[in-house]
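What follows is a single structure, written as structure tokens, with notes after it.
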Amino acid sequence: MTEHPTPDQTTSEQHADWNDRLVRMANEIARNFTAIGHERAAVATADHIHSFWDRRMKEKLFQACETGECGLSPAAHAALQLLHDRGAPAHQTRATEDIPGASDAG
């Protein structure tokens with residue numbers, strides 16, 4: 001007899017998948033900025049996440065990483081720390097300037 005997951009298990013697995021996806025996205029954003037150096041990449045990543053990610057996405061990433069290691073690259077981790085400690089940085093690229101309602105959430 002095949003055992004089916006309980007709704008709680010399924011939800012838990014879905015949350016883990018979503019957390020992994022957000023970590024991967026943050027790492028990809030940071031990797032795109034590596035050519036400008038670690039500190040500037042961290043600030044530009046923080047700017048991008050602040051400007052384009054939905055509030056729920058940001059909260060979920062903070063929750064996933066609040067207990068320690070969650071798989072973020074050094075630049076992505078620095079970006080998350082920057083957002084946590086200081087809030088949104090000044091715009092770093094023309095892409096994040098003056099875009100009301102922009103979001104990576106679709």
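Rule-based calculations on the coordinates, nothing more; no lab input. What you see is a predicted model; the values in this text were computed from it and never measured. No Cβ is skipped: glycine too gets one built from the backbone with ideal geometry, and neighbour counts run over all protein chains shown.
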Inset, instruction - Go through 28-35, 66-73, 78-85, 41-48 and give me the packing order, highest mean Cβ count within 10 Å leading. - result: 41-48, 78-85, 28-35, 66-73
Inset, instruction - For region 15-89, state what percent of all Cα-Cα pairs lands in each successive 5 Å bin, counting from 0 Å until the bin that includes the largest distance. - result: 3, 19, 32, 28, 14, 3, 0
